[in-house]
Structure formats: structure tokens, C-alpha cells
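Heads up, the thing below is written out as C-alpha cells.
The values are calculated or read from the model by the stated rules, or taken from the named source; none is laboratory data. These numbers come from a predicted model, not from an experiment. We place every Cβ from the backbone using ideal geometry, glycine too, and count neighbours over all the protein chains shown. The accessibility values were calculated without ligands, DNA or RNA, using every heavy atom of the protein model including side chains. Shrake-Rupley method; radii C 1.70, N 1.55, O 1.52, S 1.80 Å.
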There are 2 protein chains.
Amino acid sequence: MTQNLAIGFTEGLPITAPNSLQQFKLPMPQPQSGEVIVAVAGVSVNPVDTKRRQVAGKHQTPQIQGYDAVGTITQIGANVTSFKPGDRVIYAGTTLRPGSNQQYQAVDARLLAAAPADAPDADLAALPLVGLTAWELLFEKMGFIPEFNANKGQHLLVINGAGGVGSMLCQLARWSGLTVLATSSPKNHPWLLDHGVATPLDYHQDLIAQVQHAGLQTVDGIALLYQPEPYLAAASQLIRAFGHIGCIVGPQTGLDLAVVKDKAASFDYEYMFAKTDFDYHVASQGAILSRLVSLYQDHQIKASVTKHFDTISVDTLKTATALVEGGHEVGKVVLTGPFA
Amino acid sequence: MTQNLAIGFTEGLPITAPNSLQQFKLPMPQPQSGEVIVAVAGVSVNPVDTKRRQVAGKHQTPQIQGYDAVGTITQIGANVTSFKPGDRVIYAGTTLRPGSNQQYQAVDARLLAAAPADAPDADLAALPLVGLTAWELLFEKMGFIPEFNANKGQHLLVINGAGGVGSMLCQLARWSGLTVLATSSPKNHPWLLDHGVATPLDYHQDLIAQVQHAGLQTVDGIALLYQPEPYLAAASQLIRAFGHIGCIVGPQTGLDLAVVKDKAASFDYEYMFAKTDFDYHVASQGAILSRLVSLYQDHQIKASVTKHFDTISVDTLKTATALVEGGHEVGKVVLTGPFA
């Protein structure tokens, strides 16, 4: 009988606490109808792990996070026809079920995409969560068209372009024809240029002045990949009439949308787990991931891995999580197996 | 030389004040390039007139409002090829130029649609502003598809369904296949049923309970045609994941969008003058009006005139404005000529 090593917690503690993450030996998961079991080969750390851990109280049972994975299917449940044992797959999964920080994970087959045999685990583990978030924000929420060069002539402003979601979103935006302006620290401007950004902006400097210096009074969309409050006034001034301000970070106060109203603009929230949380178009996530895999194979997007640990252990996951919690990470932090 | 009788003000006063509206004899307008001159035959009163008058200070020159008109073109400016003198047209116009409460008005030809010869002035004057607002909100902001029955199977909740915009929006929503639930006072439920609403709701009663009583946990879109603050909590609970909450009234405080975030929903503002204020897709308004005229001729929408004055004078415009300012008006208040 195979053991199932998992890394998780029973209490949400600061990552520096000795028990912030622990190793557990869990029972092997059994697939429910519509599910598969995946032997996890690689995972990635995202800010959502931290946010969820920090609000978690005490639990009787181990809480297993991890919302990015590549692996191989070992078993399929009833009513699974699209995949078979031995298939290599990627997925983000759902927060309603234990995550990918375990050797064997049960996953809803609708959330999976087939992964190419010749791509590294590290790259594949880095794609799902940021890819789904960026795709859904741009193409399902902000109204841009998900086809090559389809949005030619339009300009997108990205706040925080060099982070995990930003690095993916800038690439997808450029692929779809948008001209991208994006903020980061000046030391990361070469990274932005390498990820589809036409005009890097310095996030320390006046945003409106920099956009105007680039020759624009307004932009067609603004992806606000950071706490929205400090940027809302500038975003309201810079968005064109009938434009979309897309955001992925929850507000901490009420948002003043008066200027947004005068321009008939939209404020769009994206949260990729909303689909599984509310059972809405769940299979669309597998379909989006398949398109992301194609774009990756066609060299239209890259996985942007900047930190890679080659063991999945309490130590490496703690170190990776601390890096992400720092909030200044560029690109993606991934861990590939073996589990230890 | 023809005189140009106009009704307007030089100071924004309460409508009950003696000089809240006055008659002026203005010079005949001359068409600029791209403009036509229209002999106005009918106008309508909208809440936007009141809102703009109330914030107006003192002016040296007469301020002429009115953002709905039917009339006949008397003159065309340079570069106007789509219309000729004698054409009957409808339009909402723009707040950047004097409005339709005058005998002769200069209008950007891109904002016009040809009007059928056999339709009453009163009906035609009632269509433009509410039609454009409802169309843009549903089909350009909230993502529904502007084709007959194209949104079949989806549900729309309308807050304030019996007002000017609501009466038009409920009809357009039903034409496009949406099943409409809408609030009003119970005495106006027959009006709602006559305007495409499947399930009238009582705005005095608990909204969530009424929607659930109709067999729904969530709806696919919410058109919030009223001050948003009192409805935001219920709307956040009732909107489905990835749904749209559309609004036409500016916020008076910051809006708490935390729940909207969890559902990856959008908060869409619509303001039909944003297109002319910001020179964005101006010609789209003429195109939308043409489709509205077709739907009107095909009996898919009606003009919903509830009050009709047959003279356009200081007295009738004051009375009509006071009715609209009451805030409980059902349908549309229109005035048709002659000017006096």
C-alpha cells in the first residue's frame, strides 16, 4: 500500500512558526464520480495559499493547500471519459478540496488539461492558477477577444506587471494584440520587456504623467493586480469611456466609483475559484488550460519560473512560501518532486 | 427670418421658482461640419435634466436642456451625407451642446436615426435616451447578446423596473431572451407584466426572499436602476459567479465590493453621455437608435408614454419636470409641439 505524503497544517500560523507547515501521512484518496487521482510531480506557491492560511483557525484534520500542479493520472473515477491512467495533466484545482501539496490528489476531471510530454514539470506547474486568472480577467471579464492579434490598436495598462499573474497577463495581452504598459520597480523593467510589455513604467513615479508621456490620454483597459484603493483615482482618470478596470485583490474599504460612473466604465473582479466555489461553468477552466498549453507550446507564453526547488518538503515549501509572502517576487516560485 | 423659441434658464433653481424655466428667443443655430439643424416636434423629460439643472450655477447665456427629440431636418452642414433636409429623425444628443427644448437644434449627424413616417411624435420622442441607456447597459456593459432570444435561459433582476429606463430595459431584456424579474410598487405590477417582466417583485419587501420564492438562488445579471447603496448587499448575494451588476446612478459613498470580488462579478456603470463627453464610438449611438426604431416598428418594444403635453411651453415643461422630479413616475413624460 502506497503512502500519501502531504504537507499542510492544523492551525493557521505565521510561516516562521515551527508548525506553520507540517508533514502528514494521509490515506490514499479515492476518486469520486467525475474525479481522477493524480500523482503530483510539481506544484507552485501563490499568494492565495498565504491568504487562506492566515485566516484559517484551528482544525481537527490536516489542511492541505496548493493550487497549481502537474502530475500523472493513476486512477479514474466513475463517469470520467476524457482522461485515462497514465495521462500527464495540469490543473489549479479548487479550494473546496485538499490541494496539490500531497503525493496523490483527487481532482475534478473538468478542471484538467492534457500536458505535453516534453515540457519540464517546473514550467507546467507554474501555468495554471496565474494563467486562468489572467485569461479570465482579460477575456471573460474585461471583454477583450481571446484570439491572436484580435485587440490590435487597443492599449492595456497593467499595475504590478512583474508578479506571477502580471507576468502571465502581460504575455497573453500582447498575444491578443494589445499594446501593454505595465508598472514595476525599474530593476524589473527588462523582465517586463521580455514578457510582452511595450512600455515599462516605474511604480514609484506619477502614473498619469508616465502614461501621458507615452502619448496616451486614456487606455482601453486597466488590470489592477494589486490592492485597488491607492490606484483607483488614477485608474478612473486614465480609463477611456466604456472601458474596464479589472482587479484581482479584494477591497479593504468602500471603493469610490463616482468617476468610473461618469465614463460608463466597469469595475470587474476576477477570482478564479469563483467558478468552483459557485459551480459556474466549471469545465471552462479545463478548456482555458488547454488553450494555455497550446500557447506555451507555440512559444506565445512562457512559464516565467524564477525560483525552482527540486524537492517538495516542509522546508522547501516554507522557504517558497516566505518568498511569495515577501510580496516582491518576480515571476513564479515552483517546487517539483520527489515529496520528502 | 424665423425666430428660435427656446425654454431654459440662466440659473439652476428649484423647479417651483418663478424663473426655474424661462422662454428665450435665440438666434437660429448654424450647422457646423457634420451637423444638421432639426426643427423639433417633440421632446421628453428625463431625470438627467433635473440633475444637471440642480448643479448649474448662474450663467451669462441661456442654458437649454432636453435630451430626447423627434423632428425634421431643415438644413445640413458640410460633410453630412447620411441625411438630407426633410428627413424625420430621432436622437438624444449630447450635454456638450444646447438641448432639444428649442424650436431649432444643431445635432451631430452621427447621433441620429431615421424615424418612420407613420409613428406618433410622442412615441418617438420617448425612445432615445432610455433606449440608448438600456441598450448600452444590457448589451455593451453587462455582456448580454443584442439579438432576439439570444440570452434564453438566463435571468435578469431589475431594480426599479417601471421607471423610464426600467420600462425600456425590461422590454429589451425580454426581446433578447432573458427572463426578467423586476421590482416596483405593487400597484405597478400590471405595468411590469405589460413590459416583458415575468415576475414582478414588491420593492417594499425582502428582495432575496422574493427571488428565492421565484425558485432562484442567483440571477445572471442585475440592472440596478436606482441609487446603488441600499441594494448592494442583496445584489452581491443574488448575483451569480462571473455575473454583472449594472448601474446607472452615481454612488454617494464608497461601494463595498468585497462580496462582488468573491464571486468574480463586475460592477458596470452606464451613462449614455459618456460617449459624446469622451468622443468614444459616437456613431454607435445612431446605430443603436436605428435598431431601436426597428424593434419599435416590429412591436417588440413600445414607447411607454404615460404623460403627454401637446404644447412645448414654460408651463408644460415645468409641470412635466415636476412630475419627473417626484421620482415615482411610471414610463415616460413627453411634450410635443408647437412651441409656445
**OP:** Of the listed pairs A:LYS275/A:LYS318; B:LYS141/B:LYS263; A:LYS318/B:LYS263; B:LYS84/B:LYS275, which have alpha-carbon separations greater than 20 Å here?
**Re:** A:LYS275/A:LYS318; A:LYS318/B:LYS263; B:LYS84/B:LYS275
Original post:
Summing -39500 (n - 2.57) over the DSSP H runs of n ≥ 4 in chain B and dividing by its residue number, what mean residue ellipticity at 222 nm do you reach, to the nearest 500 deg cm²/dmol?
Top reply: -7000 deg cm²/dmol
Original post:
If you find the alpha carbon centre of segment B:35-71 and of segment A:154-208, how far apart are they in angstrom?
Top reply: 44
Subject >> Per residue, the convex hull volume that the Cα atoms of chain B enclose (Å³) >> reply: 133
Original post:
How far apart are the B:ALA198 label points across copies, placing each 7 Å from Cα toward Cβ, in nm, shortest first?
Top reply: 4.5
Original post:
Each residue of segment B:276-288 in order: what ³J(HN,Hα) in whole Hz does its phi give by Karplus 6.51 cos²θ - 1.76 cosθ + 1.60, θ = phi - 60°, with x for Gly and Pro?
Top reply: 7, 4, 10, 6, 10, 6, 4, 5, 5, 6, x, 5, 5
**OP:** Take segment B:131-269, compute every pairwise Cα distance, and split them into 5 Å bins from 0; I just need the percent in each bin.
**Re:** 2, 11, 23, 26, 23, 12, 3, 0
**OP:** Ignoring ligands, DNA and RNA and using a 1.4 Å probe, state the total buried accessible area between B and A in Å², rounded to the nearest 100.
**Re:** 2700
**OP:** Taking H placed 1.01 Å from N in the peptide plane, check which residues at least 5 places from B:THR311 or on another chain put their amide H under 5 Å from its amide H.
**Re:** B:THR336
Subject >> GNM flexibility winner over chain A from A:ALA126, A:ALA198, A:ALA182 (Cα, springs under 10 Å) >> reply: A:ALA198
Original post:
Any idea of the accessible area per residue across segment A:99-201, 1.4 Å probe, to the nearest Å²?
Top reply: 29
**OP:** Kindly write out, for segment A:243-257 in residue order, the coupling ³J(HN,Hα) from the Karplus curve 6.51 cos²θ - 1.76 cosθ + 1.60 (θ = phi - 60°), rounded to whole Hz, with x marking Gly and Pro.
**Re:** x, 10, 9, x, 9, 10, 10, x, x, 9, 9, x, 9, 7, 9
**OP:** Quick one: among A:PRO120, A:PRO128, A:PRO228, which has the greatest mean-square fluctuation in a GNM of chain A with alpha-carbon springs under 10 angstrom?
**Re:** A:PRO120
**OP:** Using only alpha carbon pairs under 8 Å that are at least six residues apart, calculate the relative contact order of segment B:131-269 and give it in whole percent.
**Re:** 22
Original post:
Which of the trypsin sites (Lys or Arg not before Pro) found in segment A:1-87 are in a DSSP loop and have at most 10 neighbouring Cβ atoms, other than their own, within 10 Å?
Top reply: none
**OP:** About the Cα centre of segment A:194-337, how large is the charge dipole given +1 on each Lys and Arg Cβ and -1 on each Asp and Glu Cβ? Please answer in debye to the nearest 20.
**Re:** 240
Original post:
Kirkwood Rh over Cα pairs of segment A:140-220 into Stokes-Einstein at 25 °C, 0.890 mPa s: D in µm²/s?
Top reply: 196
Subject >> Rough spin-label spacing in nm, given labels placed 7 Å along Cα→Cβ, for A:THR16 and B:ALA287 >> reply: 5.9
Original post:
Considering amide H positions built from the backbone, and no H for Pro or chain starts, which residues 5 or more places from A:ALA41, or on another chain, come under 5 Å of its amide H?
Top reply: A:VAL70, A:GLY71, A:THR72
Original post:
Ignoring ligands, DNA and RNA, how do A:ARG174, B:ARG110 rank by accessible area with a 1.4 Å probe, largest first?
Top reply: A:ARG174, B:ARG110
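Give me the percent relative contact order of chain A, please, defined on Cα pairs under 8 angstrom at least 6 residues apart. Provide the component values of the computation, followed by the final result.
Values: 779 pairs, mean separation 64.4, N = 340.
Relative contact order for chain A comes out at 19 percent.
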**OP:** Quick one: which residues, 5 or more positions from B:GLN63 or on another chain, have an amide H under 5 Å from its amide H? H modelled 1.01 Å from N in the peptide plane, none for Pro or chain starts.
**Re:** B:PHE9, B:THR10
Original post:
Which order do B:PHE273, B:PHE309, B:PHE148 take when ranked by solvent-accessible area (1.4 Å probe, heavy atoms of all protein chains), largest first?
Top reply: B:PHE148, B:PHE309, B:PHE273
**OP:** Could you please state how large a percent of the accessible area of the protein assembly as shown is carbon and sulfur, counting protein chains only and using a 1.4 Å probe?
**Re:** 52
Original post:
Taking the label point 7 Å from Cα in the Cβ direction, how far apart in nm is A:ARG291 from each other copy of itself, listed shortest first?
Top reply: 2.2
Subject >> DSSP-defined antiparallel bridges as percent of all bridges, chain B, nearest 5 >> reply: 55
**OP:** Could you please state, rounded to a whole Å, how far the C-alpha centre of segment A:292-340 is from the C-alpha centre of segment A:226-291?
**Re:** 25
Original post:
Quick one: in chain B, whose Cβ comes closest to the B/A rotation axis, and how close in angstrom?
Top reply: B:GLY254, 1
